[in-house]
1. Among (1) within 26 Å of Val488 (Cα to Cα); (2) at pLDDT below 95; (3) out of contact with any helix residue (DSSP H, G or I) (no Cβ under 8 Å at 6 or more places or on another chain); (4) not β-branched (Val, Ile, Thr), which single condition is Gly145 missing?
2. With a cut-off of at least 3 residues that are open to solvent by 50 Å² or more (accessible area, probe 1.4 Å), within 20 Å of Ile304 (Cα to Cα) and within 14 Å of the ligand (Cβ to nearest atom), name the helices (runs of 4 or more DSSP H) lying wholly within the stretch 167-255.
3. Taking Arg390 as meeting all but one of (1) closer than 26 Å to Val138 by Cβ; (2) within 16 Å of the ligand (Cβ to nearest atom), write down the number of the exception.
4. What are the residues in the stretch 274-328 that are in a strand (DSSP E or B) and within 16 Å of the ligand (Cβ to nearest atom), if any?
5. Please verify whether Leu37 is open to solvent by 90 Å² or more (accessible area, probe 1.4 Å), among the aliphatic types (A, V, I, L, M) and modelled with pLDDT of 80 or more, treating the condition exactly as stated.
6. Please list, ordered by first then second residue, the pairs with beta carbon atoms under 6 Å, 6 or more apart or interchain, first in the stretch 280-297 and open to solvent by 10 Å² or more (accessible area, probe 1.4 Å), second within 11 Å of the ligand (Cβ to nearest atom).
7. What are the pairs with Cβ atoms under 9 angstrom where one residue, in the stretch 343-354, is at positive phi and the other, located anywhere, is open to solvent by less than 10 Å² (accessible area, probe 1.4 Å) and near the ligand (Cβ under 9 Å from one of its atoms)? Sequence gap at least six, or different chains.
8. Report yes if Ala483 is open to solvent by 50 Å² or more (accessible area, probe 1.4 Å) and under 22 Å from Gln498 (Cβ atoms), otherwise no.
Amino acid sequence: MPGPVARRTRLSAVVNSSAYELLKDAIVVYLVVTRTLKVFRHLRARGVTETVVDFWKWISQEALLLALRLPSMRKRVSAELGKATLDLEKGMVPEGPSVHRHLALPMTGQSPEWIVTEMEAMDHEAPGEHADWREGKVSGAVYHGGEELTRVILAAIERYALSNPLHPDVFPAVRKMEAEVVAMCLAMYNNPTGAGTTTSGGTESIVMACKTYRDWARAVKGIREPEMVVPATAHAAFDKGGAYLGIKVHTIPVDPETRQVNLKRVKRAINANTIMLVGSAINFPDGNADDIVALGNLAAKHNIGLHVDCCLGSFIVPFIEEAGLGPFAPFDFRVRGVTSISCDTHKYGFAPKGSSVIMYRDAELRKHQYYVNPDWVGGVYASPSIAGSRPGALIAGSWAAMHYMGRQGYLDSCKSIVSAARTIASRIRAEIPELRILGEPRASVVAFASARKGKAEGVSVLEVGDKMAKKGWHLNALSGPAALHIAVTRLTVPVVDQFIADLKDAVREAQLSPSGQGTMVRLYGIGSGSPVGSTMVGHLATAFLDTLYKA
Ligand SMILES: *Cc1c(COP(=O)(O)O)cnc(C)c1O
């Protein structure tokens, strides 16, 4: 029997053995190689200049965070933030003796009449100026399909108000309608043999696509540190998906003239960990579409996913050619390499808010979207998307809207909306030399920036946005470059002339008497591009979210 001493010597023999040394070296080499590879891939994707700029931003942000810990700084910042928060509250939260606050359940239930009366009161007590969406002065936001369609949707919602698609055996009609909503979208996007699911909106559709590719890449390619390559103009939902799901996002700049993603940069960003590419048709900021054919070729070549975001293109882009509005570059499942498409029924499909569709090339890919837990104490649990219980009423509402509209209805709405958007673009080009249109938008969104590029003094487009707000218009502000956009809806169509007239006035006023005090100038003007600016805007945005929940 070996004693303790003998055992210890044997152990030290092992520790000193060359095998152990070899293992140690191997681990060190492994770590150095993987870390270097990571840095190299990052450098290749972003380029040296951008990496240095990123690094500089990071340092400045860290320095700022440190500085913010100084008591004097902290006091100043919190005073500033406190002021801004108060402004936010003044703008959103009704005040005064006439305002009823409902902060706890009433002891006994209220009558149906009381409830309606109280809602009427709340509609009128909100502080500040509010763009009335009925006048057509709000960009996007309300995708109205007409009074009769609203009644059709309400009837569907009423009929299925209490349904829950989690239980298809109890609500067979809702199951059928959901499958048909997906099938109708697949047919519209030229993939009748494909597969998909409904979701609660564009963001969920996109996050689900990210999850699908992450799990597909893990299962099929063994990728553990997934990355995706996303145009700078793609929707923030991809960043949100990346943040939720642990996927590294490479944001690729777009060509300043065409506003299409820079393909050379996309190529450089693809590596062995890439799970998916993204293209938009059309994108939210400026309404342009990426080169989907080229992206599809890249995706096919590297055997990775290509998600085409048609959340906004939804029921416009598939109808442009048929509506006689000229060619539109290929964007759907007919393009080689396109593996998924998101399409918002609740945008130009005119379905009730809270409904979208995510489509895949085939059912095999869709399986990676599912969540299945066979061992749950509560029973076998299987659900297609993030939600468990879901509103069947919204599915019925979407099904009803799609049947009410039909192909002809969507063709007509496409024609009037796209024509209005193109009129806006061509009239700005012809009549307002102070502004320029971003890219060549061919669908429903038009974005415009100051005609002068760079630092040269042109009209401040954010100031123009604030002047437009004074005239009741609710436009979206963009950054990189500073610009405004309008997403044309059916409500905008009759007020195009007024839009152009007001825009001309707003440009003149912005040049003659800039106030520098409007919301856009103040929020976007502090420079969301600089680290300090973006930290402050982040704080403000958080305060905004807090304010939403101020009863
Ligand atoms: C609106 C939109 C989304 C996200 O849609 P939500 O329904 O707001 O979640 C995604 N992509 C584009 C291009 C959009 O315009």
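The values are calculated or read from the model by the stated rules, or taken from the named source; none is laboratory data. The model shown is predicted, which means the values in this text are computed figures rather than measured ones. Cβ sites come from the backbone with ideal geometry, for glycine too, and all protein chains shown count toward neighbours. Please note that ligands, DNA and RNA were not included when accessible areas were found on the heavy atoms of the full protein model with its side chains. Shrake-Rupley method; radii C 1.70, N 1.55, O 1.52, S 1.80 Å.
1. Result: Gly145 passes all but (3).
2. Ranges flagged: none.
3. Every condition holds for Arg390 apart from (1).
4. The answer is Met276, Leu277, Val278, Gly279, Ser280, Leu306, His307, Val308, Asp309, Cys310.
5. no
6. Going by the 6 Å Cβ cut-off, the qualifying pairs are Phe284/His235; Phe284/Leu312; Pro285/Thr233; Ala289/Ala281; Ala289/Ile282.
7. Gly354/Gly201
8. No: the conditions fail for Ala483.
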